[in-house]
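Below is one structure, written out as structure tokens, with a few remarks after it.
The values are calculated or read from the model by the stated rules, or taken from the named source; none is laboratory data. Remember, predicted model here, so these are calculated numbers, not experimental data. All Cβ positions, even for glycine, are placed from backbone atoms using ideal geometry, and neighbour counts span all protein chains on display. Keep in mind that these areas ignore ligands, DNA and RNA; they rest on the heavy atoms of the full protein, side chains included. Shrake-Rupley method; radii C 1.70, N 1.55, O 1.52, S 1.80 Å.
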Amino acid sequence: MTDLVLIKTKLQQGVWEGFLAGAATGVLPKIDVTHQGKAVQDVTVTAVDGGHAVQVPVPREAVADGMQTLLITDADTGTPISSITLMAGEVLADDLRVEVNLLRAELDMLKRAFRRHCVETT
């Protein structure tokens, strides 16, 4: 169990940034970030007013088709704190096209049912 809470503030130029709260006063919390079981290097945690600023450089390997997840954990307890999810590429586009087609089919079905209802009630 951990009292740490991590809130994303931005993702810009390949660096994910967040605000970490819940650490004891005067203690620099230790976090681990992994992608596909491998440690992400050059993660920084710095003290700021009311908490800590976290910067996670997104590894090149995480920029790929489909969905990629970076897991952020409390290094002392191993408890997950947060995650970073990236989605991109053709695989995602195919999924979205299928979903849009399903939504169109459902909308057409609803339109037919509504029209039939209007005819029957008049």
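Take the residues in the range 1-12 that are among the charged types (D, E, K, R) and at pLDDT 90 or above; name whichever of them is least open to solvent (accessible area, probe 1.4 Å).
Within the range 1-12, the match that is least open to solvent (accessible area, probe 1.4 Å) is LYS10.
For every residue, the table says whether it meets (1) farther than 20 Å from LEU6 by Cα; (2) assigned to a loop (DSSP other than H, G, I, E, B); (3) under 19 Å from the mean Cα position of the chain (by Cα).
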residue	(1), (2), (3)
ASP42	no, yes, no
ALA64	yes, yes, yes
MET67	yes, no, yes
LEU70	no, no, yes
SER82	no, no, yes
THR85	no, no, yes
VAL91	yes, no, yes
ASP95	yes, no, yes
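Give the number of residues within the range 57-73 that are among the acidic types (Asp, Glu), out of contact with any His (no Cβ under 9 Å at 6 or more places or on another chain) and exposed (fewer than 12 other Cβ atoms within 10 Å of the Cβ).
Number of matching residues: 0.
Restricting attention to the range 83-122, and to residues there that are among the acidic types (Asp, Glu) and free of Cβ contacts under 8 Å to residues at least 12 places away in the same chain, which single residue is most open to solvent (accessible area, probe 1.4 Å)?
That would be GLU120.
Taking the range 13-56 as the search range and keeping residues that are more than 17 Å from THR79 (Cβ to Cβ) and among the acidic types (Asp, Glu), which one is surrounded by the fewest Cβ atoms within 10 Å (Cβ to Cβ)?
The selected residue is ASP49.
Please list, ordered by first then second residue, the pairs with beta carbon atoms under 7 Å, 6 or more apart or interchain, first in the range 56-82 and on the phi < 0 side of the Ramachandran plot, second assigned to a helix (DSSP H, G or I) and open to solvent by less than 20 Å² (accessible area, probe 1.4 Å).
Final answer for the pair search is GLN68/ALA62; LEU70/ALA62.
Here is a check on your reading of the model: is ASP76 at pLDDT 95 or above, acidic (Asp, Glu), open to solvent by 100 Å² or more (accessible area, probe 1.4 Å) and within 25 Å of ILE7 (Cβ to Cβ)?
no
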